[in-house]
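Undergrad: Got a structure for you, questions after.
The values are calculated or read from the model by the stated rules, or taken from the named source; none is laboratory data. No experiment lies behind these values; they were computed from the predicted model shown. Positions of Cβ are backbone-derived with ideal geometry, glycine not excepted, and every protein chain shown enters the neighbour counts.
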Amino acid sequence: MAATVPAFFTEDAQAQLDDLLMLVCEELQLAPTRYRLAVERYGAVSRVLESEGSPFRGIPLSIYPQGSMALGTTVRPMDGPHDLDFVFELGIPHQRIDPMALLGMFYNFLKGHGTYSEMVSLKNRCVRITYANDFYMDVLPSCKDLQLGGTCIQVPDRELANWSPSNPTGYVKWFRDASTTLCLVEKAAQPVPPQQPADKKLPLQLAVQLMKRWRDVFYPNPKEAPISIVLTTLAGRCYRGEVSPSAALSGAMARILAAIDAADLAGRRLVVLNPSNPHEDLSERWDDNPDAYLAFKAGMRQFSKDWGRVLSGGRETNRLLEELFGEPVKKAVVRQAQNLQEKRRANQLGVRSSGVITMASAGATALRRNTFHGKT
């Protein structure tokens, strides 16, 4: 029979919950070796696109990560390969090249390359490079949008047979402004930001990681699940500077539900525009799949209800968290208990007259080390 992990009672129940959520987010991240491998693969593709044999050589270009790796919100998949998203931006106006010609040129170049010939496939807006070690890289070709200016770009869209607006760099800046996290530095081949440990992340980043994991657990049918950028944008728009992941998550859910209710009253769906390029509707997939929108609304309402049960505390908290976020919660609970034991051994814990365990201080009696090891 598995050992029972003792409850960790602290003076502040929210601090205990936030500590546990931080450990859950740490478990959700890519393993450091996988992260380093992803960075190496990104660098290799960047060098190929800038190499002498590339049809893009001589054209000003920029290659940079987008999505979760740029935002610090990576969540390893429950099963299947991990996806990495990058942008390949040509420094020329989009009017100077046909979008389908650009996408085709990019695909054909990699298809004809000795390293990538058997690894590439053509998607709607990008070229996918699938690696044998369980992850794939989606590379999005693009051109500058001089009409909208700034960091706005246009990307090829095969379904539209035309250009589609976007602004990944501006989106990262918007998310940085929302959460005061780091932003990419603009240069030709921009580095992937170093992987942050969870205890160095800001509450919005942690809340986004938790929302994405809840999404993966809650929706057995991926076609009904809201895409990551929709959840990230909603969380960023609804963040009000809460100083803990639990408070950030609570605030985001309350405001998202309020926005859903307002849309319902207006007789329309919730529209999620790219905050860095309002010409891009990030939620446009709901137009073609209204059932997915209904599933999103039902899911968010259930998430809010279940999260309220977590916040109410009690002995079922760990079980409820596991129902929301899955297997990583078990590992996080064990790590939290181990951390408590390490502090006990280092005489960093005390106990107040009320019996509550707290960090050792002048107002607390030092907690004796546990030296009982059971029968031999």
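Undergrad: Determine the pairs where a residue that is under 23 Å from Q147 (Cβ atoms), located within region 276-293, has a partner that is among the basic types (K, R) and outside any strand (DSSP E or B) with Cβ atoms under 8 Å apart, the partner being 6 or more residues away or on another chain.
TA: Note: pairs meeting the criteria are S276/K173.
Undergrad: Do you know which of the residues in region 50-75 that are under 29 Å from the mean Cα position of the chain (by Cα) and aliphatic (A, V, I, L, M) is farthest from E26 (Cα to Cα)?
TA: Per the stated criteria, the residue is L61.
Undergrad: Go over the candidates S54, S62 one by one and state the one that is in contact with a Gly (Cβ under 8 Å, 6 or more places away or on another chain) and either at pLDDT below 95 or not in a strand (DSSP E or B) (or both).
TA: S62
Residue-by-condition table, conditions (1) at pLDDT below 95; (2) in the same structural domain as Q209 (by TED's automatic domain parsing); (3) touching a helix residue (DSSP H, G or I) at 6+ places or on another chain (Cβ under 6 Å); (4) not in a helix (DSSP H, G or I):
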site	(1), (2), (3), (4)
I229	no, yes, no, no
T232	no, yes, yes, no
V243	yes, yes, no, yes
S250	no, yes, no, no
A254	no, yes, no, no
A259	no, yes, no, no
R269	no, yes, yes, yes
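Undergrad: So, one more: Going through region 132-173 one residue at a time, which ones are part of a loop (DSSP other than H, G, I, E, B) and among the aliphatic types (A, V, I, L, M)?
TA: A132, L146, L148, L160, A161
Undergrad: Let me ask something additional. (1) touching a helix residue (DSSP H, G or I) at 6+ places or on another chain (Cβ under 8 Å); (2) over 30 Å from M78 (Cα atoms): which one isn't true of L103, the others all being true?
TA: L103 satisfies all of (1) touching a helix residue (DSSP H, G or I) at 6+ places or on another chain (Cβ under 8 Å); (2) over 30 Å from M78 (Cα atoms) except (1).
Undergrad: Please determine, by comparing only the residues of region 294-307 that are surrounded by 13 or more Cβ atoms within 10 Å (Cβ to Cβ) and without any contact (Cβ under 8 Å) to a residue 40 or more places away in the chain, which one is farthest from A178 (Cα to Cα).
TA: Going through the qualifying residues, I end up with L294.
Undergrad: Would you confirm whether or not region 119-131 contains a residue that is out of contact with any strand residue (DSSP E or B) (no Cβ under 9 Å at 6 or more places or on another chain), in a loop (DSSP other than H, G, I, E, B) and without any contact (Cβ under 8 Å) to a residue 60 or more places away in the chain?
TA: The answer is no, given that none of the residues of region 119-131 is out of contact with any strand residue (DSSP E or B) (no Cβ under 9 Å at 6 or more places or on another chain), in a loop (DSSP other than H, G, I, E, B) and without any contact (Cβ under 8 Å) to a residue 60 or more places away in the chain.
Undergrad: I'm trying to understand the selection: among the residues of region 50-77, which are touching a helix residue (DSSP H, G or I) at 6+ places or on another chain (Cβ under 8 Å) and either under 19 Å from L102 (Cα atoms) or polar (S, T, N, Q) (or both)?
TA: Matches in region 50-77: S54, P55, F56, L61, I63, Y64, Q66, S68, T73, T74.
Undergrad: Provide a single number: the residues in region 271-293 that are surrounded by 15 or more Cβ atoms within 10 Å (Cβ to Cβ), acidic (D, E) and in a loop (DSSP other than H, G, I, E, B).
TA: Adding up the residues that qualify gives 0.
Undergrad: Checking the condition surrounded by 16 or more Cβ atoms within 10 Å (Cβ to Cβ) and at pLDDT 85 or above, which residue from E40, E26 passes?
TA: Exactly one residue qualifies, and that residue is E26.
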